[in-house]
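Asker: Can you read through this structure? Questions will come right after.
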Amino acid sequence: MDGVALLTIFILSIFVGFEVVSKVSTVLHTPLMSGANAIHGIVLIGAITVTGSATNPLEINLVGGFVVTDRMLEMFKPKKPVARSDDGGAA
């Protein structure tokens, strides 16, 4: 394929992706993210397997991309609430 065809496919995929994601209601967000996290877990296991059998730096670099993605997804997880004492705050 030539560059113009590839660019056209890329631009059309941006529009289609935006339309699909914008139509998802907020009620469905949690189940969809749960499914995405399950798929991510499977991909991570595959990445660990590839790292174990990697023979050149290019393969390890590919696995590094999965690790960076995992760290970025950690930023979107809710923070744990700070534990408060039950003594009414009096010290």
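The values are calculated or read from the model by the stated rules, or taken from the named source; none is laboratory data. Here the structure is a predicted model, which is why all the values come from computation and not from measurement. Cβ placement follows ideal geometry from the backbone for every residue including glycine, while neighbour counts extend to all protein chains displayed.
Asker: With A91, A83 as the choices, which residue is of a type in the set (A, V, I, L, M), loosely packed, with under 10 Cβ neighbours inside 10 Å, at pLDDT below 70 and within 30 Å of T30 (Cα to Cα)? Can you show your working first?
Answerer: Working: A91 fails: within 30 Å of T30 (Cα to Cα).
When all the criteria are applied, what remains is A83.
Asker: In the stretch 18-59, which residues are at pLDDT 85 or above and within 21 Å of L73 (Cβ to Cβ)? Break it down stepwise before answering.
Answerer: Kept after step one, since they are at pLDDT 85 or above, are these residues of the stretch 18-59: 18-19.
Within the stretch 18-59, F18 is the sole residue that qualifies.
Asker: Of all residues being of a type in the set (A, V, I, L, M) and exposed (fewer than 10 other Cβ atoms within 10 Å of the Cβ) in the stretch 17-37, which is nearest to the chain's Cα centre (by Cα)? Just the residue, please.
Answerer: Of everything passing the filter in the stretch 17-37, V21 is nearest to the chain's Cα centre (by Cα).
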